[in-house]
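The values are calculated or read from the model by the stated rules, or taken from the named source; none is laboratory data. Bear in mind that the values here come from a model prediction, so they are computed numbers and not experimental data. Positions of Cβ are backbone-derived with ideal geometry, glycine not excepted, and every protein chain shown enters the neighbour counts. All accessible areas refer to the heavy atoms of the entire protein, side chains included, with ligands and DNA or RNA removed. Shrake-Rupley method; radii C 1.70, N 1.55, O 1.52, S 1.80 Å.
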Amino acid sequence: MRALLKDKTVLSDFDKSAVQLIIYLGFVWIILWLFGIMVFYLGLENENEKVEYINRLTGKYAYAIWIQPIFWFLLTQTYRIRFIKKYLINRIIISLLFVITFERFVILVVTLHRDYLPSSWTLNKEYGIDTGVMVAGLLGKILVSLVVFCLYHFGMKKLKNVVQHRV
């Protein structure tokens with residue numbers, strides 16, 4: 001493990017692979033999200049429901065539906081900017097924006113704005129969602145992300161080796 005941490009080229013290659021994967025996943029995610037909208041629309045049986053759904057997507061408050069997915073897509077594409085690619089702190093700050101959505105931010109602010117004691121920071125006592133569960137969920141997401149990045153990095157490395165040996 002120490003050999004990996006001392007060898008800066010391995011970490012640099014892994015970092016480049018992670019950035020590249022995030023950019024690609026942004027495209028995949030927005031395509032799947034748009035596909036999901038179409039599938040949901042086609043799954044509606046009643047004509048009135050279809051009209052309501054279209055009005056919701058194109059009506060007065062349509063920005064509320066479209067802003068989060070577009071924001072996440074644009075956030076993944078910011079990794080193309082050289083200044084953001086160059087410094088790790090920029091990428092860490094941007095990655096925190098993936099974790100906290102607008103809805104979650106509003107829920108946290110509204111829930112915690114009157115209660116300053118961390119011992120009573122629970123989102124909803126009926127459902128038992130507390131900060132420990134949120135931290136465990138965050139750590140789980142980080143672990144899954146690292147596993148996906150490792151699989152992508154070493155898979156691409158193996159694929160490049162196979163292609164080079166065939167040529």
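Scan segment 56-69 for residues that are open to solvent by 90 Å² or more (accessible area, probe 1.4 Å), in a helix (DSSP H, G or I) and more than 12 Å from ILE37 (Cα to Cα) and the total you get is 2. Per this entry, LYS50 is not counted among residues that are closer than 25 Å to SER145 by Cβ and either of a type outside the set (Gly, Ala, Ser) or within 13 Å of the chain's Cα centre (by Cα) (or both).
Check every one of the helices (runs of 4 or more DSSP H) wholly within segment 80-167 and list those with 1 or more residues that are open to solvent by 50 Å² or more (accessible area, probe 1.4 Å) and at pLDDT 80 or above.
On the way: elements: 82-86, 88-99, 102-112, 131-166.
In segment 80-167, the matching helices (runs of 4 or more DSSP H) lie at 82-86, 88-99, 131-166.
Report yes if ASP13 is farther than 19 Å from VAL148 by Cβ, surrounded by 10 or more Cβ atoms within 10 Å (Cβ to Cβ) and at pLDDT below 85, otherwise no. Please lay out each step first, then the result.
On the way: farther than 19 Å from VAL148 by Cβ: no; surrounded by 10 or more Cβ atoms within 10 Å (Cβ to Cβ): yes; at pLDDT below 85: yes.
Considered against the rule, which asks whether it is farther than 19 Å from VAL148 by Cβ, surrounded by 10 or more Cβ atoms within 10 Å (Cβ to Cβ) and at pLDDT below 85, ASP13 comes out as no.
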